[in-house]
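**Student:** Here you go, one structure.
The values are calculated or read from the model by the stated rules, or taken from the named source; none is laboratory data. Small disclaimer: the values here were computed from a predicted structure and weren't measured. Cβ atoms come from the backbone with ideal geometry, glycine included; neighbour counts cover every protein chain shown. Heads up: the accessible areas ignore ligands, DNA and RNA and are worked out on the full protein's heavy atoms, side chains in. Shrake-Rupley method; radii C 1.70, N 1.55, O 1.52, S 1.80 Å.
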Amino acid sequence: MPFLQLKGVNKGFGSGSGRMEILRDINLQMEKGEFVAIVGYSGAGKTTLISMIAGLSRPDSGSVTLNDLEITEPGPDRGIVFQNYSLLPWLTVYENIYLAVDQVFPNWAPAKKQQHTETYIAMVSLTPARDKRPSELSGGMRQRVSVARALSMNPQILLLDEPLGALDALTRATLQEEINRIWQQDKKTVILITNDVDEGILLADRIIPLSAGPSATLGPSIMVDIPRPRDRRAINHDPRYKEIRREVIDYLLGAGGRPKTAVTRKLMLPDIEPEDLSVPRNVLSPRRSPIRRSEIKKETVELGS
Amino acid sequence: MKNGFKLDWLVLPMIGVVAVLVLWMITSSTISKELPSPGKTWESSKPYLQQPFEKRGEMDQGILRFTWYSLVLVAKGYAIALILGTPLGFMLGLSKVFTKAFDPIIQVLRPVSPLAWLPLGMVLFAGAKSGVSEMAALFTIAVCSMWPTVLNTAVGVRAVPQDFLNVAKVLKLSRTKTLFKVLIPATMPYMFTGFRLSLGIAWLVIVAAEMLTGRPGIGGFLWQEYNALVYEHIILCILTIGIVGFILDRLMSVVEKRFKVA
Ligand SMILES: Nc1ncnc2c1ncn2[C@@H]1O[C@H](COP(=O)(O)OP(=O)(O)O)[C@@H](O)[C@H]1O
Ligand SMILES: [Mg+2]
């Protein structure tokens, strides 16, 4: 029995002629302790997919089960890190995390809740910023608060929705190490949504590409059988790394790529014949202007991805 | 640079003031002989300005004393407006059904002038043994100044980002906790914009309310002096009302800004 299972999940938005099918026939099985990365185009439906696992929305058809129980609403067993951090701006780092701790462990003594909160702030190295508000933090720091908040709830599964998408490359690398370290520490089940194939290979046990929308679906699982700990410098030269990377990208550009769209547009070819300067500028002799007029042509362009 | 700055906030406004004074002077000496000139207004206003807290009689008091009476009345009516308006705004923002039921009637009542509400207030509290005029005035202030608070709060509640609501859902916050930890803080900036607009209206209404009820205060004084043909004091009152209104608005926008940042 798989830990997390999605079976034949379909999801769309709108109704009537405005109906948009977003996800089609999504099937996914995950074992406890597994780290799966889902890679896909932006707008394909990655957030939509993770929202259904989080229980924030329900599939139109199909089922999402955790431990064989249908997911119908959000719960503390699934910690989610939202794409845009979603910290409450009027609360400090400490208060944001304490709010979660207080909700999930209501029966603990206040001292224990406080200590638990401090532990997770320390885990993401934010103790010096514990009394700052989100607006006073950098993007990377906010993301760490968001991760700490999700982890402090001690969830069975951690859902990361493009957690590092908005960060610069250097901060991104640091936080990847941090996610890796945290995962090594308590071997949680993790789903990482990302648009960065390298990030997936560095962190995950398995990468699953999500095809381009509309009606996106999951491609074949690609096992990342590169031994841990993976070093970001060494991994670049690993032949297996190159193979995995190519497989994912081939799927995303090939079978799971964007449907080709053709666009027809009008072009105006400019006057290319030079003026005849030997002819004096004179109202009576209009021959000085170009002989060939602008030409209008039609052209069809096929758009790649 | 520094000169330009001074020009902006000191010299140009002065030019505006002088222009209006000149226009006033010309008007009072040509087309409207009844209008007191600036000089006469100043002479006649002096006692009220120099002893602003003096009480010489019920309707003959220093200008700041009158202002104080008015401010107290406004504060009471405004408090009622906020206490009723804020929850009403939240209900409108949270419930589509509630909005459909009450939005039309609110849109109809909103443009009604204080001059129309006051007599109704008098009728409403006619049974009371004392303080009928005060209650009617408070009723009028509250009912007129409530709407910006109601509508802005409702807009603010509807504009709470889905992200914050998702956080509340994921954390399984109770209804009360969602209200106090998420909805109210997220709506705060809109609420305070409403509060500021409401205060402006409350101050507008006070004059009408005092005029019609004859209560001592800046508006009551204005009306009395009109009837007593002391036109200089009408101008004194107008200027005082304007300045006080301006100060109130500035104070509220300072408060409003504090909540915008958070
Ligand atoms: N609540 C919604 N109502 C209508 N359309 C939506 C809604 N949420 C997402 N969509 C649409 O679904 C598609 C996928 O969105 P999303 O899951 O956020 O993509 P991704 O996270 O992969 O970038 C987009 O075209 C988006 O416009
Ligand atoms: Mg997304």
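**Student:** Being within 21 Å of residue A:132 (Cα to Cα) and among the charged types (D, E, K, R) is the filter; apply it to region A:79-118 and report the residue that is surrounded by the fewest Cβ atoms within 10 Å (Cβ to Cβ).
**Tutor:** The residue in question is A:118.
**Student:** Please give the number of the condition residue B:45 fails out of (1) touching a His at 6+ places or on another chain (Cβ under 8 Å); (2) open to solvent by 100 Å² or more (accessible area, probe 1.4 Å).
**Tutor:** Of (1) touching a His at 6+ places or on another chain (Cβ under 8 Å); (2) open to solvent by 100 Å² or more (accessible area, probe 1.4 Å), only one is false for residue B:45: (2).
**Student:** Also: Among the residues of region A:6-47, which ones are within 30 Å of residue A:184 (Cα to Cα) and more than 16 Å from ligand 2 (Cβ to nearest atom)?
**Tutor:** Selection gives A:6, A:7, A:27, A:28, A:29, A:30, A:31, A:32, A:33, A:34, A:35, A:36.
**Student:** To continue, here is another question. Residue by residue through region A:99-114, note down the ones that are within 14 Å of another protein chain (Cβ to nearest Cβ) and of a type outside the set (D, E, K, R).
**Tutor:** The answer is A:99, A:100, A:101, A:103, A:104, A:105, A:106.
**Student:** Turning to a different aspect of this structure: For region B:197-233, how many residues meet the condition of being crowded, with 19+ Cβ neighbours inside 10 Å, under 28 Å from residue B:155 (Cβ atoms) and not hydrophobic (A, V, I, L, M, F, W, C)?
**Tutor:** Summing the residues that are crowded, with 19+ Cβ neighbours inside 10 Å, under 28 Å from residue B:155 (Cβ atoms) and not hydrophobic (A, V, I, L, M, F, W, C) in region B:197-233 gives 1.
**Student:** Pick out the one residue from A:53, A:38 that is within 14 Å of chain B (Cβ to nearest Cβ) and either closer than 19 Å to residue A:204 by Cβ or part of a strand (DSSP E or B) (or both).
**Tutor:** Going through A:53, A:38 in turn, the sole match is A:53.
**Student:** Consider region B:157-183. How many of its residues are part of a helix (DSSP H, G or I), open to solvent by less than 40 Å² (accessible area, probe 1.4 Å) and within 14 Å of chain A (Cβ to nearest Cβ)?
**Tutor:** Residues meeting the conditions: 8.
**Student:** Oh, and also: Being assigned to a loop (DSSP other than H, G, I, E, B), closer than 24 Å to residue A:195 by Cβ and more than 10 Å from chain B (Cβ to nearest Cβ) is the filter here; which residues of region A:58-96 pass it?
**Tutor:** Of everything in region A:58-96, just one residue is assigned to a loop (DSSP other than H, G, I, E, B), closer than 24 Å to residue A:195 by Cβ and more than 10 Å from chain B (Cβ to nearest Cβ), namely A:59.
Table: residues versus (1) part of a helix (DSSP H, G or I); (2) in the same structural domain as residue B:215 (by TED's automatic domain parsing).
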residue: B:7; (1), (2): yes, no
residue: B:12; (1), (2): yes, no
residue: B:22; (1), (2): yes, no
residue: B:49; (1), (2): yes, yes
residue: B:53; (1), (2): no, yes
residue: B:56; (1), (2): no, yes
residue: B:65; (1), (2): yes, yes
residue: B:69; (1), (2): yes, yes
residue: B:77; (1), (2): yes, yes
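**Student:** Please state which one of B:235, B:201 is assigned to a helix (DSSP H, G or I) and more than 16 Å from residue B:81 (Cβ to Cβ).
**Tutor:** Of the residues listed, the single one that is assigned to a helix (DSSP H, G or I) and more than 16 Å from residue B:81 (Cβ to Cβ) is B:235.
**Student:** Within region A:35-51, is there a residue that is on the phi > 0 side of the Ramachandran plot, of a type outside the set (Val, Ile, Thr) and in contact with an Asp or Glu (Cβ under 6 Å, 6 or more places away or on another chain)?
**Tutor:** no
**Student:** Looking at region A:160-179, I want the residues that are closer than 18 Å to residue A:51 by Cβ and have a partner that is of a type in the set (Phe, Trp, Tyr) with Cβ atoms under 6 Å, at least 6 apart or on another chain. Which pairs are those?
**Tutor:** So the pair list comes out as A:161/A:82.
**Student:** For the structure I just gave you, tell me whether residue A:213 is in contact with a Gly (Cβ under 8 Å, 6 or more places away or on another chain) and within 19 Å of residue A:162 (Cβ to Cβ).
**Tutor:** Against the criterion (in contact with a Gly (Cβ under 8 Å, 6 or more places away or on another chain) and within 19 Å of residue A:162 (Cβ to Cβ)), residue A:213 qualifies.
**Student:** Still on this structure, I have one more. Mind listing just one residue for me: the one in region A:183-216 that is β-branched (Val, Ile, Thr) and open to solvent by less than 10 Å² (accessible area, probe 1.4 Å) and, of those, farthest from residue A:248 (Cα to Cα)?
**Tutor:** Restricting to residues being β-branched (Val, Ile, Thr) and open to solvent by less than 10 Å² (accessible area, probe 1.4 Å), the top hit is A:189.
**Student:** Something else about it: Restrict the check to region A:36-57 and report whether at least one residue is within 15 Å of ligand 1 (Cβ to nearest atom), surrounded by 21 or more Cβ atoms within 10 Å (Cβ to Cβ) and among the basic types (Lys, Arg).
**Tutor:** yes
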